[in-house]
Amino acid sequence: MIVTESWYLIVSALLFAIGATGLLVRRNPLVMFMCVELMLNAVNISFVAFSTALQDLAGQTAVFFVLVVAAAEVVVGLSIVVAVMRRRPSATVDDLAELKG
Amino acid sequence: MSGTFVTLVAAEIERPSIDWHAIAPELILLGGGALVTVIDLIWLERVRKLIPTLTSLVFLVALIPVITLWADGSGLPRGLWIIDENVPATGVWEGAFVVDNYSLVLKGLFLLSAYVIVLLSTNYMSEGDYYDSEYYQLIAASVLGMLVMSSSRDLISIFVALELVSIPAYLMAAWRKRDLKSNEAGLKYMLMGVFASAILLYGMSLLYGIAGSTLLSDIAAAIDIGESRPVITLGIVFTIIGFGFKVSAVPFHTWAPDTYEGAPTPLTAFLAVASKAAGFVALINVVIVALPTQANVVEPFIWVLAAITMTVGNLIALRQTNLVRMLAYSGVAQAGYMLAPLAVYDGISDRATSAVVTYLVIYAAMNLGAFAVVIIAARKTRSAELSSYGGMFNYAPGLTLAMTIFLFSLAGIPPVGGWWAKFEVFRVLTEGNRTSGIALAVIAAVNSVIAAFYYLNIAKQMWFLPSPDGDNSRIAIPPALLAAVGLTVAATIVSGVLPGVVSDMTDFVNVAAGQ
Amino acid sequence: MAQYLPLAALLVLAALFAFLSFVGSALLAPRRSTEQKSAPYECGIIPGREPPQRFPVRFYLVAMLFIVFDIEIVFLYPWAMVHGDVGLFGLIAVLIFSAMVFESFVYLISKGALDWGPLQINQRQSEMVDASRTATSTIRKVGLEGRYEHAPAKTAAASASDELDETASAA
């Protein structure tokens with residue numbers, strides 16, 4: 001069985017779906033973060049798969065930037081979560097209902 | 001993989017000569033921001049009071065090259081690299097970084113809005129015992145992202161610029177860290193923003209896979225007119241959904257009201273004006289430059305977004321009792337008007353771009369002004385509830401008059417700015433005599449009438465109703481806030497009375513190909 | 001509307017996938033829960049007391065800083081692969097990048113983010129406090145009671161005054 005690029009794309013789509021579902025279903029901010037990481041990594045797989053298929057470097061370059069931006073997002077997110085947790089231990093997103101849409 | 005990497009990179013590398021003038025605004029902002037940080041680190045307390053002034057100076061200095069580039073209009077469009085100085089410019093620039101009239105107008109808009117935001121923040125931050133110098137450095141970082149955004153014509157740089165705009169904003173939304181509301185605002189904004197980025201990136205990776213390049217102009221060339229493949233539709237829809245979060249289009253607006261209410265009010269102004277404008281710029285870049293051939297996919301999707309955004313935003317704004325939340329929902333509704341020209345961009349992309357940018361410029365002036373008044377009023381009343389604005393005419397007639405101007409402008413009543421913005425949108429919508437455009441124009445007109453109710457209700461509160469606690473002592477307005485109100489009032493009136501001033505600047509030609 | 005058909009198909013597929021996953025796991029996963037399995041530690045140790053809920057915030061801080069600085073270095077990798085070809089231009093570009101990263105490092109040190117150990121004094125003094133004050137002048141001890149359970153309050157105050165001296169001499 002030859003593993004072509006489309007296999008990677010399918011894996012990427014599945015990972016993305018799992019991450020998105022997790023983000024919508026779970027209520028713990030930390031787990032939601034992990035789900036976002038899953039989505040971003042799905043994107044990375046997709047970029048690299050396309051990059052290999054097209055013999056073009058831009059896709060791999062994109063992965064570098066996605067990695068770094070993801071790290072920055074996680075750090076900022078964690079610091080906000082820590083700030084929330086210090087005020088209110090074991091908070092879930094549903095508990096954050098000071099403001100009502 | 002690394003083997004491919006080396007062979008591809010090492011093929012030909014030569015030292016490019018950089019067009020320093022073209023990227024001077026970004027460089028000044030980057031260097032100035034770093035310098036302010038270092039100054040703050042070295043002298044700490046002794047310069048703490050100066051940091052806002054220094055930051056606003058950096059914004060104004062960065063504005064100089066924007067103006068000189070504009071004045072030197074013959075050299076436009078310019079890119080990041082000078083390919084060959086002997087070859088005269090062809091008038092078309094296809095690259096990842098393009099400086100043309102369109103991007104220069106936006107850079108000016110971003111820098112001036114940032115200047116007003118600093119004016120709004122100065123008293124708020126220094127009186128609240130927050131970490132204030134970091135706040136201004138983060139604003140500078142965010143504005144840098146906006147400047148890069150307005151010149152980006154490449155998926156990667158658009159993404160990086162968008163994140164540079166957003167990540168500091170997540171932090172600033174949670175700035176009042178001992179306040180649960182602010183924490184919540186930051187967390188919600190961040191989770192939704194990160195989710196949006198992931199969706200946007202997935203769409204971008206699909207677009208890259210279709211076109212084999214991240215350059216927007218290459219993507220446009222790679223997709224034929226009317227070509228319809230499932231993966232193209234997916235890529236486009238995911239990308240637009242990602243931007244939809246950033247510009248708070250319904251149904252992706254859920255973060256906006258909570259974040260606006262919980263965040264520090266000057267930052268709310270920043271999010272509602274500058275950050276939203278950056279999202280629109282990204283959307284325009286992708287739609288106009290990369291997807292001119294895919295109008296059959298883009299237009300209906302944006303049409304639906306625009307229609308429900310303006311309707312839902314206005315209907316919810318009607319029953320708000322908190323002025324900041326009302327402005328938040330009105331901002332959502334205004335985003336709907338701004339999306340509308342992009343729903344009929346096929347064939348008239350320059351006119352559509354002009355209409356959106358005109359709207360962005362006028363919206364920035366009137367909305368920043370409205371937030372300035374809210375901040376000033378909150379200094380006395382400690383509240384943003386609608387009822388607390390009662391009787392303001394008795395003790396602050398000038399402020400009431402200014403707020404009335406902003407409200408009339410937001411409602412689109414001539415002769416102040418807003419009417420011209422709406423007029424431009426309607427003109428684009430009805431230009432092609434297309435059913436979809438006229439239908440959207442009707443929806444927008446009905447919405448404008450609904451919106452006038454709640455805008456004028458605020459004015460009624462201020463002019464005719466008594467103040468709730470009978471406290472009619474005057475409000476002391478600090479000079480920074482006074483300057484902010486003065487600037488925005490002037491901009492709002494000028495753009496309404498002399499619409500030519502704005503429309504001359506936003507009369508773009510061939511945005512898609514650089515100029 | 002035909003152009004949105006794939007989108008609808010994807011939505012249906014995604015819903016189906018989520019639904020099947022839940023049903024599948026409910027049907028296939030054996031559930032034989034025992035007391036040992038539901039214990040916090042499966043290795044057999046019975047927890048004697050609740051684990052401390054609050055980790056010092058420094059743990060998070062160091063972890064977060066590590067992530068950022070760790071990942072920034074990724075940009076050096078492509079340069080390292082081709083540094084011979086890009087020559088001086090590449091070197092200068094990387095140096096500018098490194099200077100920007102280094103500035104944030106300086107910021108961290110200056111804010112005391114990397115100081116480990118007992119609570120340092122906050123670098124941000126309120127403006128009523130004169131920066132030129134010395135160890136022998138007033139040190140506010142308000143609020144120290146109860147914070148240092150293991151170290152006597154005197155030591156903390158002494159280390160704080162050392163820090164003050166350093167700040168004063170550096171300035």
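The values are calculated or read from the model by the stated rules, or taken from the named source; none is laboratory data. In this text, all values refer to a predicted model and were calculated from it rather than measured experimentally. Note that each Cβ is placed from the backbone with ideal geometry, even for glycine, and that neighbours are counted across all protein chains shown.
Considering only residues that are aromatic (F, W, Y) and within 23 Å of B:Y170 (Cβ to Cβ), which ones fall in the range A:48-89? Residues satisfying the conditions are A:F64, A:F65.
Consider the range A:73-101 and keep the residues that are surrounded by fewer than 18 Cβ atoms within 10 Å (Cβ to Cβ) and under 11 Å from A:L30 (Cα atoms). The one that is modelled with the lowest pLDDT is A:S90.
Filtering the range B:399-456 to residues that are outside any helix (DSSP H, G or I) and under 23 Å from the mean Cα position of the chain (by Cα) leaves B:G412, B:I413, B:V416, B:G417.
For the range A:1-19: of the residues being surrounded by fewer than 16 Cβ atoms within 10 Å (Cβ to Cβ) and not hydroxyl-bearing (S, T, Y), which is nearest to the other protein chains (Cβ to nearest Cβ)?
Step by step, filter the range A:1-19, then rank; the result is A:L14.
If you go through the range A:39-63 and pick out every residue that is within 25 Å of A:I80 (Cβ to Cβ) and more than 9 Å from chain B (Cβ to nearest Cβ), you end up with 1. All conditions but one from (1) surrounded by 24 or more Cβ atoms within 10 Å (Cβ to Cβ); (2) without any contact (Cβ under 8 Å) to a residue 60 or more places away in the chain; (3) more than 30 Å from B:A211 (Cβ to Cβ) apply to B:T381; the one that does not is (1). Can C:L76 be described as under 24 Å from A:V81 (Cα atoms), surrounded by 14 or more Cβ atoms within 10 Å (Cβ to Cβ) and modelled with pLDDT of 75 or more? The answer is no for C:L76. Only one of the listed residues (B:T214, B:T239) is within 14 Å of chain C (Cβ to nearest Cβ) and of a type outside the set (K, R). That residue is B:T239.
In the range A:22-37, the count of residues that are over 22 Å from A:A72 (Cα atoms) and among the small types (G, A, S) is zero. Taken as a whole, the structure leaves B:D84 outside the set of residues that are modelled with pLDDT under 75, within 30 Å of B:K380 (Cα to Cα) and more than 14 Å from chain A (Cβ to nearest Cβ). Looking across B:V237, B:V194, B:V148, one residue alone is within 26 Å of A:S12 (Cβ to Cβ) and in contact (Cβ under 8 Å) with a residue 12 or more places away in the chain. It is B:V237. Of the candidates C:M100, C:M81, the single residue that is within 12 Å of chain A (Cβ to nearest Cβ) and part of a helix (DSSP H, G or I) is C:M81.
Highlighted here are the helices (runs of 4 or more DSSP H) found entirely within the range B:91-209 that include at least 1 residues which are of a type in the set (A, V, I, L, M) and farther than 21 Å from B:L368 by Cβ: B:132-151, B:155-173.
Residues that are closer than 12 Å to B:T239 by Cα and not hydrophobic (A, V, I, L, M, F, W, C) within the range B:286-297 are absent altogether. Could you list, in sequence order, all residues of the range B:463-481 that are more than 23 Å from the chain's Cα centre (by Cα) and assigned to a helix (DSSP H, G or I)? Hits for the range B:463-481 are B:W463, B:F464, B:P479. Evaluation of B:V501 against the conditions (1) within 23 Å of the chain's Cα centre (by Cα); (2) loosely packed, with under 15 Cβ neighbours inside 10 Å; (3) over 26 Å from B:I413 (Cα atoms) shows that the sole unmet condition is (3). Within the range A:54-68, the only residue that satisfies the criterion of being modelled with pLDDT under 90, in a helix (DSSP H, G or I) and farther than 14 Å from C:P78 by Cβ is A:L54. B:V281 - would you say it is crowded, with 23+ Cβ neighbours inside 10 Å, of a type in the set (V, I, T) and in a helix (DSSP H, G or I)? Yes. Going through (1) polar (S, T, N, Q); (2) at pLDDT 90 or above; (3) over 30 Å from B:N472 (Cα atoms) one by one, B:S409 falls short only on (3).
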